[in-house]
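What follows is one structure encoded as structure tokens, with my remarks underneath.
We did not get these values from a lab; they are worked out from the coordinates using the rules stated. Source: prediction; values computed, not measured. In this analysis, Cβ positions are derived from the backbone assuming ideal geometry, glycine residues included, and neighbour counts consider all displayed protein chains.
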Amino acid sequence: MANRTGTGYEVLSPWAEADPISLRGISPRITDLGGKKIGLLRNSKRAALPILNVVEGRLKERFPTAEFTEFANLKPNEAIIEQEAKEKFEDWLKGVDAVVAAFGD
Amino acid sequence: MTLINKGFVKDAESASLSKGMPVLKFLPTSVPCEASLMEDIEAGVDEVMGDIIAALTRPITAEEKSPRPKEREKPARIIFKGSLEEVNRFFYQGGWTDGLPIIPPTEEAIAEMLSGTDLPPDHLLGRLISRLGRATIEKIAINAVMAGALPTYMPVLIAGTKLLLESEPGFMGFTTFGFSTGSWAPFWIINGPIRNDLNLNSGSGALSPGDIANAAIGRAMGLIIKNIGGIRKGVEDMGVMGNPMKYSMVIAENEEESPWEPLHVEYGFGREESTMTVSYPQTYVQHWPYGSDAEGILRSVIDHLPRGMRYTFIFTPPHAKNLAREGWAKDDIKKFISEYARIPGSRFNSMPAIGGVRPGLYKGRISARDSDTVALIGDPRFIRIIVAGGPGAFIAHVVGGGATPGKKQTQKIELPKNWSKLVKKYKNIVPTYAKY
């Protein structure tokens, strides 16, 4: 079955090669949260909404002029944003200055 | 920036890299995963409030603005030389095994494995998530050798890999371990003439260890998922409890003793075609029926039903024949189960992620009250019925995830030109137990 040399078995790697993919950077940050619109993005998991509620509350205390808007993907897999809700999600993104995301995992 | 439980940081980094965004900002929190109470959430968020603000306002670096692309890997063809024990230790330490010993994938062993297909070694089937590893025929063969597969399993492994690659978008991660904390495992059903060519077990102990085809095909698929998809336990595979079905869960349908049309014919394939069908269960339940007639069998089925998304019921040939004798077709059974497996409406919570949304009454048109009973499955298309298992009365439920009805879940197995010769060469490899 196996070709054995004087030193034993010469073996090949089971680990697949992967083609390099094009990489994207992140958006420039804002300098101050005051007066900005903060997007709150969450999935369907149990803790996601309460986490963002607490984040929103704490940020409001420190930045009373900040506004908040949320986007929720309540389907059980995240790919929904890439498929069914892509346009809606991208429109939402255009309207915010920064995003805090919470996954309830 | 994203808040994430600290146990998921590596998973999140892997996911963002696979989407081409390796510099996304993740902030680990101490909020317990899927078990958080409000006081823990508040404390966890308070701990990182300063970091949240910093992540939103601190200027980004040049690398964060334009990450440098990775160069293509050029691994050496021979990656290790050593004894059986050394090779096994090397592969285990590289994270390439399922923890059990492997057969060393030497050039000679791989060449023999490749005799099971007409496709050239560099033929690319696609790129498997999450790492988008190149699923070439040679890499499939290498993992097949490691699993102890015979060359005649190659057509099945190629079909299985195609199924993984072409699974319903968004649910592909279920089949490849790298999705969810639910420990979903691929469950492979083989239909058609190839079952007998490979000595796949559809009888006694079909899902137990001891049959090389059932064992090695599932094992090889697990290694393909791991080593071509790049799925690492605790990184992409975040299953909470884990699942022994990930070692191997392969069954053949006992078409010869079934009174019904086999699964692949039900799904539109010819009886003489061979196919592989996948779902991704989490749970395996076995139970004894209340009786051997339709009432005894089917009442016990609905009483033993766990909650899930897709269901495969495995009936033994005698039970299947008893049901058929009383006039039950597969569709009747599916309709019966989906209509009468019911639980109180009050037992549904409000968690859409786990299928917990309370279904309405009559096609969802009327809201169900706590006092109503509602269907646990609801849609008969979420049910699959096959015939397998040995003499005896146990019924099996394989419950978990699966394709949306109408989406791909079955792949035809294509055979090489010299199939008969190959079958002749390897078919006699069967266990002969000692007499005592």
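Give the residue list of GluC sites (Glu not before Pro) in segment B:201-291 that are DSSP loop and have at most 11 other beta-carbon atoms within 10 angstrom.
Counting only loop positions with at most 11 other Cβ atoms within 10 Å, the GluC sites (Glu not before Pro) in segment B:201-291 are B:256, B:272.
What is the set of long-range amide H partners of residue B:125 at a cut-off below 5 Å, with H atoms built 1.01 Å from backbone N?
B:135, B:136, B:137
For chain B, set up a GNM with springs between Cα atoms under 10 Å and report which of B:155, B:120, B:186 has the largest fluctuation.
It is B:120.
Amide H of residue A:71 versus every other amide H placed in the peptide plane: which residues, excluding those fewer than 5 positions away on the same chain, fall under 5 Å?
A:40, A:41, A:42
Place +1 on the Cβ of every Lys and Arg and -1 on the Cβ of every Asp and Glu in chain B, take the dipole about the Cα centre, and give the residue among B:156, B:199, B:290 whose Cα lies farthest towards its positive end.
B:156
Cα-Cα pairs above 41 Å in chain B: how many percent?
Roughly 24 percent, once rounded to a whole number.
Could you please rank B:379, B:11, B:372, B:197, placing first whichever residue has the fewest other Cβ atoms within 10 Å of its Cβ?
B:379, B:372, B:197, B:11
Starting from the Cα of residue B:433, move 7 Å in the Cα-to-Cβ direction to define the label point; list residues of segment B:200-220 whose amide nitrogen is under 18 Å from there.
Inside the label zone: B:200-215.
Give me the compactness ratio for segment B:290-436, meaning the Cα radius of gyration over 2.2 N^0.38 Å.
1.37
Which FRET efficiency, nearest 0.05, do residue B:38 and residue A:30 yield, Cβ-Cβ r, R0 30 Å?
The computed FRET efficiency comes out at 0.55.
Can you give the charge dipole size of segment B:2-65 about its Cα centre, rounded to the nearest 20 debye, using +1 on the beta carbon of Lys and Arg and -1 on the beta carbon of Asp and Glu?
Result for segment B:2-65 is approximately 420 debye, rounded to the nearest 20.
State to the nearest 20 debye the size of the charge dipole of segment B:178-281 about its Cα centre, where the only charges are +1 on K and R beta carbons and -1 on D and E beta carbons.
That gives segment B:178-281 a dipole magnitude of about 720 debye.
When the distances between all Cα atoms of the protein assembly as shown are binned every 10 Å from zero, what whole-number percent does each bin get?
Reading upward from the zero bin: 3, 16, 24, 23, 18, 11, 4, 0, 0.
In whole Å, what are the extents of segment A:34-105 along the principal axes defined by its C-alpha atoms, from largest to smallest?
If we take the Cα atoms of segment A:34-105, the spans are 35, 26, 10 Å.
Running a GNM on chain B with Cα contacts under 10 Å, which residue among B:381, B:358, B:58 ends up with the highest mean-square fluctuation?
Residue with maximal mean-square fluctuation among B:381, B:358, B:58: B:58.
Each residue of segment B:181-187 in turn: what ³J(HN,Hα) in whole Hz from Karplus with 6.51, -1.76, 1.60 and θ = phi - 60°, glycine and Pro shown as x?
Taking θ as phi minus 60°, the curve returns 8, x, 6, 5, 10, x, 10 Hz for segment B:181-187.
Using a 10 Å cut-off around each Cβ, can you sort B:38, B:49, B:154 from fewest to most neighbouring Cβ atoms?
B:38, B:49, B:154
Just the Cα atoms of segment B:19-161: what Rg and Dmax do they give in Å?
Calculated on Cα positions, Rg and Dmax stand at 22.6, 61 Å.
Across segment B:368-422, how large is the tail of the calculated P(r) beyond 18 Å, expressed as a percent of all Cα pairs?
Beyond 18 Å sits 64 percent of the P(r) for segment B:368-422.
Would you mind working out the magnitude of the charge dipole of segment A:34-105 relative to its Cα centre, with +1 at each Lys and Arg C-beta and -1 at each Asp and Glu C-beta, to the nearest 20 Debye?
So the magnitude is around 260 debye.
What's the exposure ranking of B:348, A:103, going from fewest to most Cβ atoms within 10 Å?
Lowest count first: B:348, A:103.
Please report, in Å, the Rg and the Dmax of segment B:203-265, where both are computed over Cα atoms only.
14.9, 45
Would you kindly derive the ³J(HN,Hα) couplings of segment B:408-423 from the backbone phi angles with the Karplus curve 6.51 cos²θ - 1.76 cosθ + 1.60 (θ = phi - 60°), listing them in order in whole Hz, with x for Gly and Pro?
5, 9, 10, 10, 5, 8, 8, 9, x, 4, 8, 4, 4, 5, 5, 4
Mind listing the phi-derived Karplus ³J(HN,Hα) values for segment B:69-82, rounded to whole Hz, using 6.51, -1.76 and 1.60 with θ = phi - 60°, and x for any glycine or proline?
Couplings: x, 7, 7, 5, 6, 10, x, 5, 5, 8, 9, 6, 10, x Hz.
Mind checking which of B:116, B:148, B:392 has the largest fluctuation in a GNM of chain B, springs on alpha carbons under 10 Å?
Checking each option, the largest mean-square fluctuation is seen for B:392.
Among A:48, A:102, A:63, which residue has its Cα furthest toward the positive end of the charge dipole of segment A:34-105, with +1 on Lys/Arg Cβ and -1 on Asp/Glu Cβ?
Of the candidates, A:63 comes out farthest on the positive side.
Rounded to the nearest 0.05, what FRET efficiency do residue B:89 and residue B:247 have when you use their Cβ-Cβ distance and R0 = 22 Å?
0.65
Using a 10 Å cut-off on Cβ to Cβ distances, tally the other chain neighbours for every residue of B:7-19 and report the average as a whole number.
Average per residue, whole number: 1.
So for chain B, averaging the separation of alpha carbon pairs under 8 Å that are six or more residues apart and normalising by length, what relative contact order in percent results?
With pairs under 8 Å counted, the relative contact order is 17 percent.
Taking the Cα-to-Cβ direction at residue B:68 and at residue A:21 and moving 7 Å from each Cα, how far apart do the two end points lie in nm?
Going from the residue B:68 label point to the residue A:21 one covers 2.1 nm.
Please identify the trypsin sites (Lys or Arg not before Pro) of segment B:65-151 that satisfy two criteria: DSSP loop assignment and at most 13 other Cβ atoms within 10 Å. Which are they?
Loop-located and lightly packed - B:70, B:72, B:77.
Find, among the GluC sites (Glu not before Pro) in segment B:61-143, those assigned to loop by DSSP (not H, G, I, E, B) with at most 14 other beta-carbon atoms within 10 angstrom.
B:71, B:73
How large is log10 of I(q)/I(0) for segment B:2-65 at q = 0.22, 0.27 Å⁻¹ when the intensity is taken from the Debye formula with one equal scatterer per alpha-carbon?
Values returned for q = 0.22, 0.27 Å⁻¹ are -0.96, -1.15.
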